[in-house]
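The values are calculated or read from the model by the stated rules, or taken from the named source; none is laboratory data. What you see is a predicted model; the values in this text were computed from it and never measured. Using ideal geometry, Cβ is built from the backbone for each residue, glycine included, and neighbour counts are taken over all protein chains shown. For accessibility, only protein heavy atoms count, side chains too; no ligands or nucleic acids. Shrake-Rupley method; radii C 1.70, N 1.55, O 1.52, S 1.80 Å.
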Amino acid sequence: MNKAVFLDRDGTVNEEVHYLSDSKDLKLLPRVAEAIKMFNDAEYKVIIITNQSAIAKGFLTIEKLNEIHEKLLTLLNKKGAKIDAIYYCPHHPNEGCMCRKPKPGLLLKASKEHNIDLNRSYMVGDKLTDIEAGKRAGCKTILVKTGYGLSLIHISEPTRPLYISYAVFCL
(Lines give C-alpha, C1' and ligand atoms only; values in the text may rest on other atoms or scores of the structure.)
Protein backbone atom coordinates (compact mmCIF):
# COMPACT_ATOMS: atom_id res chain seq x y z
CA MET A 1 0.00 0.00 0.00
CA ASN A 2 1.03 3.60 -0.59
CA LYS A 3 1.73 6.25 2.00
CA ALA A 4 0.50 9.81 1.51
CA VAL A 5 0.80 13.37 2.64
CA PHE A 6 -2.64 14.95 2.53
CA LEU A 7 -2.40 18.74 2.33
CA ASP A 8 -5.08 21.29 3.01
CA ARG A 9 -5.00 23.90 0.24
CA ASP A 10 -5.74 27.44 1.45
CA GLY A 11 -3.34 28.63 4.13
CA THR A 12 -1.22 25.49 3.82
CA VAL A 13 -0.14 25.26 0.16
CA ASN A 14 -1.19 28.71 -1.03
CA GLU A 15 -1.79 32.03 0.68
CA GLU A 16 -5.09 32.30 2.50
CA VAL A 17 -7.55 34.40 0.49
CA HIS A 18 -11.06 34.51 1.87
CA TYR A 19 -13.12 32.59 -0.71
CA LEU A 20 -10.42 32.36 -3.35
CA SER A 21 -12.44 32.66 -6.55
CA ASP A 22 -10.00 33.84 -9.21
CA SER A 23 -6.80 32.11 -10.28
CA LYS A 24 -5.01 35.47 -10.49
CA ASP A 25 -5.24 35.68 -6.67
CA LEU A 26 -3.53 32.31 -6.16
CA LYS A 27 -0.03 32.56 -4.70
CA LEU A 28 2.01 29.64 -3.40
CA LEU A 29 3.39 29.93 0.11
CA PRO A 30 7.19 30.24 0.22
CA ARG A 31 9.13 27.02 -0.41
CA VAL A 32 5.99 24.86 -0.51
CA ALA A 33 6.94 23.47 -3.93
CA GLU A 34 10.30 22.35 -2.56
CA ALA A 35 8.58 20.62 0.35
CA ILE A 36 6.14 18.83 -1.98
CA LYS A 37 9.05 17.73 -4.16
CA MET A 38 10.72 16.26 -1.06
CA PHE A 39 7.51 14.30 -0.33
CA ASN A 40 7.50 13.12 -3.96
CA ASP A 41 11.15 12.04 -3.70
CA ALA A 42 10.35 10.16 -0.47
CA GLU A 43 7.68 8.23 -2.43
CA TYR A 44 4.67 9.72 -0.69
CA LYS A 45 1.52 10.34 -2.69
CA VAL A 46 0.69 14.04 -2.32
CA ILE A 47 -3.02 14.77 -2.28
CA ILE A 48 -4.80 18.05 -1.65
CA ILE A 49 -7.94 17.88 0.52
CA THR A 50 -9.92 21.12 0.54
CA ASN A 51 -13.30 22.43 1.67
CA GLN A 52 -14.78 24.73 -0.98
CA SER A 53 -18.10 25.95 0.41
CA ALA A 54 -17.69 29.02 -1.81
CA ILE A 55 -19.29 26.86 -4.51
CA ALA A 56 -22.46 26.22 -2.48
CA LYS A 57 -22.53 29.87 -1.40
CA GLY A 58 -22.38 31.08 -5.01
CA PHE A 59 -18.98 32.81 -4.75
CA LEU A 60 -17.21 30.28 -6.98
CA THR A 61 -18.12 28.08 -9.93
CA ILE A 62 -16.75 24.61 -10.66
CA GLU A 63 -15.14 26.07 -13.79
CA LYS A 64 -13.31 28.75 -11.78
CA LEU A 65 -12.26 26.15 -9.20
CA ASN A 66 -10.81 24.02 -12.00
CA GLU A 67 -8.89 27.08 -13.30
CA ILE A 68 -7.48 27.68 -9.82
CA HIS A 69 -6.42 24.04 -9.52
CA GLU A 70 -4.87 24.05 -13.00
CA LYS A 71 -2.82 27.13 -12.10
CA LEU A 72 -1.82 25.52 -8.79
CA LEU A 73 -0.64 22.36 -10.56
CA THR A 74 1.22 24.40 -13.19
CA LEU A 75 3.04 26.51 -10.58
CA LEU A 76 4.07 23.40 -8.67
CA ASN A 77 5.07 21.45 -11.79
CA LYS A 78 7.33 24.31 -12.92
CA LYS A 79 9.28 23.76 -9.69
CA GLY A 80 9.40 19.98 -10.07
CA ALA A 81 6.64 19.25 -7.54
CA LYS A 82 3.80 16.84 -8.30
CA ILE A 83 0.30 16.63 -6.83
CA ASP A 84 -1.23 13.18 -7.34
CA ALA A 85 -4.84 14.30 -6.85
CA ILE A 86 -7.08 17.08 -5.57
CA TYR A 87 -10.27 16.29 -3.66
CA TYR A 88 -12.71 19.02 -2.70
CA CYS A 89 -15.99 19.35 -0.84
CA PRO A 90 -18.34 21.78 -2.63
CA HIS A 91 -21.04 21.66 0.04
CA HIS A 92 -22.35 24.29 2.41
CA PRO A 93 -21.23 23.71 6.03
CA ASN A 94 -24.87 23.16 7.07
CA GLU A 95 -25.53 20.39 4.52
CA GLY A 96 -24.19 17.62 6.76
CA CYS A 97 -22.22 15.89 4.02
CA MET A 98 -19.59 13.27 4.84
CA CYS A 99 -16.85 14.88 2.76
CA ARG A 100 -16.49 18.25 4.49
CA LYS A 101 -13.63 18.43 6.96
CA PRO A 102 -13.61 17.74 9.91
CA LYS A 103 -15.32 14.61 8.58
CA PRO A 104 -12.87 12.20 6.97
CA GLY A 105 -14.84 11.41 3.80
CA LEU A 106 -12.39 12.89 1.30
CA LEU A 107 -9.40 11.19 2.93
CA LEU A 108 -11.22 7.86 2.98
CA LYS A 109 -12.20 8.24 -0.70
CA ALA A 110 -8.63 9.15 -1.66
CA SER A 111 -7.24 6.20 0.31
CA LYS A 112 -9.48 3.78 -1.61
CA GLU A 113 -8.75 5.29 -5.02
CA HIS A 114 -4.98 5.46 -4.46
CA ASN A 115 -4.47 2.35 -2.30
CA ILE A 116 -3.22 4.39 0.67
CA ASP A 117 -2.41 3.08 4.14
CA LEU A 118 -3.84 5.88 6.28
CA ASN A 119 -1.86 4.78 9.36
CA ARG A 120 1.39 5.49 7.46
CA SER A 121 0.10 8.82 6.14
CA TYR A 122 -0.07 12.43 7.30
CA MET A 123 -2.74 15.13 7.18
CA VAL A 124 -1.24 18.63 7.16
CA GLY A 125 -3.31 21.77 7.59
CA ASP A 126 -3.71 25.17 9.17
CA LYS A 127 -7.06 24.57 10.88
CA LEU A 128 -8.24 22.27 13.61
CA THR A 129 -10.83 20.86 11.17
CA ASP A 130 -7.88 19.56 9.10
CA ILE A 131 -6.38 17.94 12.18
CA GLU A 132 -9.67 16.40 13.24
CA ALA A 133 -10.31 14.99 9.74
CA GLY A 134 -6.84 13.46 9.71
CA LYS A 135 -7.30 11.91 13.14
CA ARG A 136 -10.72 10.51 12.22
CA ALA A 137 -9.18 8.92 9.13
CA GLY A 138 -6.33 7.39 11.14
CA CYS A 139 -3.53 9.65 9.88
CA LYS A 140 -0.74 11.30 11.78
CA THR A 141 -1.46 15.03 11.93
CA ILE A 142 0.57 18.19 11.52
CA LEU A 143 -0.68 21.71 12.16
CA VAL A 144 1.19 24.41 10.27
CA LYS A 145 1.49 27.97 11.58
CA THR A 146 0.58 29.51 8.22
CA GLY A 147 -2.88 30.73 7.21
CA TYR A 148 -5.28 30.34 10.13
CA GLY A 149 -2.69 28.31 12.05
CA LEU A 150 -1.06 31.59 13.05
CA SER A 151 -3.98 32.35 15.36
CA LEU A 152 -4.06 28.96 17.12
CA ILE A 153 -2.23 29.35 20.40
CA HIS A 154 -3.85 26.86 22.75
CA ILE A 155 -4.98 23.54 21.36
CA SER A 156 -6.68 21.01 23.55
CA GLU A 157 -7.57 17.38 23.07
CA PRO A 158 -9.06 15.81 21.02
CA THR A 159 -7.81 18.09 18.23
CA ARG A 160 -4.21 18.34 19.39
CA PRO A 161 -2.01 17.49 16.38
CA LEU A 162 0.87 15.06 16.61
CA TYR A 163 3.22 17.83 15.40
CA ILE A 164 3.14 21.61 14.98
CA SER A 165 5.36 23.19 12.31
CA TYR A 166 5.95 26.74 11.16
CA ALA A 167 5.19 25.81 7.55
CA VAL A 168 5.05 22.89 5.12
CA PHE A 169 8.69 23.47 4.14
CA CYS A 170 9.74 22.92 7.78
CA LEU A 171 8.42 19.34 7.89
Mean residue ellipticity (222 nm) of the chain, computed from DSSP H runs ≥ 4 via -39,500 (n - 2.57), nearest 500: -8500 deg cm²/dmol
Label point at Tyr19 placed 7 Å out along Cα→Cβ; residues across segment 60-93 whose backbone nitrogen lies under 19 Å: 60-69, 89-93
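Probe radius 1.4 Å, ligands and nucleic acids ignored: give me the carbon and sulfur share of the accessible area of segment 94-171 as a rounded percent.
Values: 2310 of 4100 Å².
Using a 1.4 Å probe with all protein chains present, segment 94-171 comes out at 56 percent carbon and sulfur.
How much of the accessible area of segment 1-82, in percent, comes from carbon and sulfur atoms when a 1.4 Å probe is used? Mind showing how you got there, number by number?
Values: 1970 of 3920 Å².
With neighbouring chains kept in place, the figure for segment 1-82 is 50 percent.
Can you tell me how segment 62-141 classifies by the Cα gyration tensor, rounded, prolate or oblate, using a/c under 1.5 as the rounded cut?
On the way: a/c = 1.88, a/b = 1.23, b/c = 1.53.
Note, shape of segment 62-141 comes out oblate.
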GNM flexibility winner over the chain from Tyr87, Tyr122, Tyr19 (Cα, springs under 10 Å): Tyr19
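Based on the alpha-carbon gyration tensor of segment 97-139 and its eigenvalue square roots a ≥ b ≥ c, which shape applies: rounded if a/c is under 1.5, prolate if not and a/b is larger than b/c, or oblate? Walk me through the intermediate numbers first.
Numbers: a/c = 2.23, a/b = 1.29, b/c = 1.74.
Here segment 97-139 falls in the oblate category.
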Segment 40-52 - phi-based ³J(HN,Hα) in whole Hz, Karplus 6.51/-1.76/1.60, Gly and Pro as x: 4, 5, 8, 6, 8, 5, 10, 10, 8, 10, 9, 7, 10
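How much net charge surrounds Glu15 when only the other residues with a Cβ under 9 Å from the Cβ of Glu15 are counted, with Lys and Arg +1 and Asp and Glu -1? Write out the running numbers ahead of the final one.
Working: positive: Lys27; negative: Asp10, Glu16, Asp25.
Here the charged neighbours net out to -2.
Leaving out ligands and nucleic acids, note down the accessible area per residue over the chain with a 1.4 angstrom probe, in whole Å².
On the way: 8430 Å² over 171 residues.
Normalised by residue count, the accessible surface of the chain is 49 Å².
Do any of Lys71/Lys112; Lys3/Lys57; Lys37/Lys101 go past 30 Å between their Cα atoms, and which? Display every interim value, and only then the final one.
Details: Lys71/Lys112 26 Å; Lys3/Lys57 34 Å; Lys37/Lys101 25 Å.
Result: Lys3/Lys57 exceed 30 Å.
R0 = 22 Å: FRET efficiency of Tyr163 with Arg120, Cβ-based, nearest 0.05? Mind showing how you got there, number by number?
On the way: r = 15 Å, r/R0 = 0.69.
Using R0 = 22 Å, I get an efficiency of 0.90.
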